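Below is one structure, written out as structure tokens, with a few remarks after it.
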Amino acid sequence: MADDLAPFSAATRHAHLRALGGETWDLLVIGGGITGAAAARDAAGRGLRVALVDAGDLARGTSSRSSRLIHGGLRYLETGNLKLVFEASAERRRLLALASHLVHPLPFLFPVFRKGPVGFRKLQAGMWLYDGLSLFRNISRHRMLARDAARTEEPRLRTEGLVGAAVYYDASVDDARLTLANARGAHEAGAAVVPHAEVVGFLRDGKGLAGARVRDCLVEGAETVDVRARVVLNATGPWSDAVRKLANPRVKARLRPTKGVHILVRRDRLGNRNAITFQSPVDGRVMFVLPWGDFSYVGTTDTDYSGSPAEVRADAEDVRYLLESANSIFPDARLTADDVVSTWAGIRPLLSPRGPEGGLAASATSREHEIWRDDGGLLNIAGGKLTTYRVMAEQVVDVAARALKDAHRVESGISPTADLPLPGDPHEPWEPFRDRIVSDAVAAGLGADTGEHLARAYGEDAASVLAAARADAALAGRMMEGHPYVWAEVAHAVRAEMAMTLEDVMIRRLHLFYEAADGGLAVADEAARRMAAQPGIGWSEAEAAAQVEAYRAAVAENRGFGA
């Protein structure tokens, strides 16, 4: 079991790995995405003995490749899924309070055009329903704008056929950091968290499933560890069917995966002031143009995907579609592939209804989640939305807790997460907290933009990064000009955020992979050198060089959509 006082560090990851085979856990969670991390946090918070493993980094899959939104789901009104909108609206309100450094109010403008699929009055009615499903407790109520007011709000918006617009509110989030906060919360509640540890088989006893066989992915030729557990939860998202078949080759597939792609461009190329909701002229799909600091990103696609989740990436057709869609709403931008700074692609682990013989039905996939147990005993959760991750985690742990009580007489408490702030949540209102961190950063010579970044990325932990930068001038320097990241963050990622590889740091702890024109390659060698010196890493020169080469390949793949 994890030591409550141990930092959430690379060294602690190794200690957790050594502890995996030393006891029988109440719950073994496979999958370090948002659902698995939240389930581990929920279960550990109830007093259960919990271990979590993932073959890669925390949030390495869909949980770091989403639209980065915490939202009620406006488009679900049209399909009549009011229950999902109501639930998501409640969770949006909750996360704004419990993770105020990560989840921020975001105004959206939804323009209406003549002969468009949604008329002004229909949109207005939808806005009242959207506010009503949040019990009129959203960030602010919607506003309907006439044509001239819409042009004033978004001067570079297409004017041809513009009738008016609605302004409504949802929230933005750093999805990777939200996942990281949940994993850290699980650790702080006593769970053993072990990223880069792959399940390669399952254990059985006379009663059924009894655990999993786990391999350390960071050590070539490492021996496997038998991890015994009373309940095993498969929360691997797009890998769910593969894990299920590893446990029982006879199970039928449950997923109908679809690929969602986003492109990142400089914000001044589009000039959007707000987030923009619109319908693509290509296929009518509801899409977004979303602000992200000095950048905007456009998404998302929704196409069937049958390949390996580990190999998903944007292709030329994805990029063409997104550029055409963005240019339709901001025609003066005339975006081309040369404007695309980077892309990201994720797999939605959507569930398809069962057909009459247990196979996949041909009807539309479900956007809601489902919890089920396969023959053989593996507990599964798949589907759902990022916004409702906490509810999903609570529900699946309820199922696990009942199984533990009925079959093993293991008692547990109720879920603590509805009112429990996530690690890093400021102990004061967001605005004064942010202002204080910005002021401290300026006083330390780091700049206001770095202060804003530190407050948003780390919350209360920003003080630790600032203290390190003040104590050592070598840590106070910017990693790259034009970006707010400082060198102190590399050490912090290893010592306090369980980063184990260069990709972990550059892609998911920082965002230089996406935001720098070269993907951060100019500083990759130095970042690897600094990581190598940290406790729990200890790479040789050859190992550090291999990390840089692996990172270089990842950057090339990300920017290879035109090939």
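The values are calculated or read from the model by the stated rules, or taken from the named source; none is laboratory data. All values derive from a computational prediction rather than experimental measurement. Methodologically, a virtual Cβ is constructed for each residue, glycine included, from the backbone with ideal geometry; neighbour enumeration extends over all protein chains shown. Keep in mind that these areas ignore ligands, DNA and RNA; they rest on the heavy atoms of the full protein, side chains included. Shrake-Rupley method; radii C 1.70, N 1.55, O 1.52, S 1.80 Å.
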| query | Is it possible to state the helix-based mean residue ellipticity at 222 nm for the chain, with each DSSP H run of 4+ residues giving -39500 (n - 2.57), the sum divided by total residues, to the nearest 500 deg cm²/dmol? What is it? | reply | -10500 deg cm²/dmol
| query | Which of Lys207/Lys259; Lys385/Lys405; Lys83/Lys207; Lys252/Lys385 have a Cα-Cα distance over 31 Å? | reply | Lys207/Lys259; Lys83/Lys207
| said: Positive end of the dipole of region 146-228, charges at C-beta (+1 Lys, Arg; -1 Asp, Glu), about the Cα centre: which of Phe202, Ser172, Leu218 has its Cα farthest in that direction? | reply: Phe202
| So which trypsin sites (Lys or Arg not before Pro) in region 184-228 are both in a DSSP loop and have at most 10 other Cβ atoms within 10 Å of their Cβ? | Lys207
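For region 102-169, what does the alpha-carbon gyration tensor say about shape, rounded, prolate or oblate, given a ≥ b ≥ c as the root eigenvalues, a/c under 1.5 as rounded, and a/b over b/c as prolate? Please list the in-between numbers first.
Values: a/c = 2.55, a/b = 1.47, b/c = 1.74.
In terms of gyration-tensor shape, oblate.
Name the shape class, rounded, prolate or oblate, that the alpha-carbon gyration tensor gives for region 33-90, where a ≥ b ≥ c are the square roots of its eigenvalues, rounded holds for a/c under 1.5, and otherwise prolate holds if a/b is larger than b/c and oblate otherwise.
On the way: a/c = 3.73, a/b = 1.69, b/c = 2.21.
In terms of gyration-tensor shape, oblate.
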| Lys/Arg Cβ at +1, Asp/Glu Cβ at -1, dipole of region 372-497 taken about the Cα centre: which of Thr387, Val438, His408 is farthest positive-ward? | His408
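Roughly how many percent of the accessible protein surface of the chain is carbon and sulfur, given a 1.4 Å probe and a whole-percent answer? Write out the running numbers ahead of the final one.
Working: 11260 of 22140 Å².
About 51 percent, which is the carbon plus sulfur part of the accessible surface.
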| field | Ser67, Ser464, reordered so the largest accessible area comes first (probe 1.4 Å) | value | Ser464, Ser67
| query | With every protein chain present, what is the per residue accessible area of the chain (1.4 Å probe, Å²)? | reply | 39
| request: Take Lys385, Lys122 and sort them by solvent-accessible surface of the protein heavy atoms, 1.4 Å probe, largest at the top. | output: Lys122, Lys385
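Starting from the Cα gyration tensor of region 490-535, take the square roots of the eigenvalues, sort them a ≥ b ≥ c, and report rounded, prolate or oblate (rounded when a/c is under 1.5, otherwise prolate if a/b is larger than b/c, else oblate). Could the numbers behind the result be given before it?
Details: a/c = 2.79, a/b = 1.51, b/c = 1.85.
Oblate is the answer for region 490-535, as a/c is 1.5 or above yet b/c matches or exceeds a/b.
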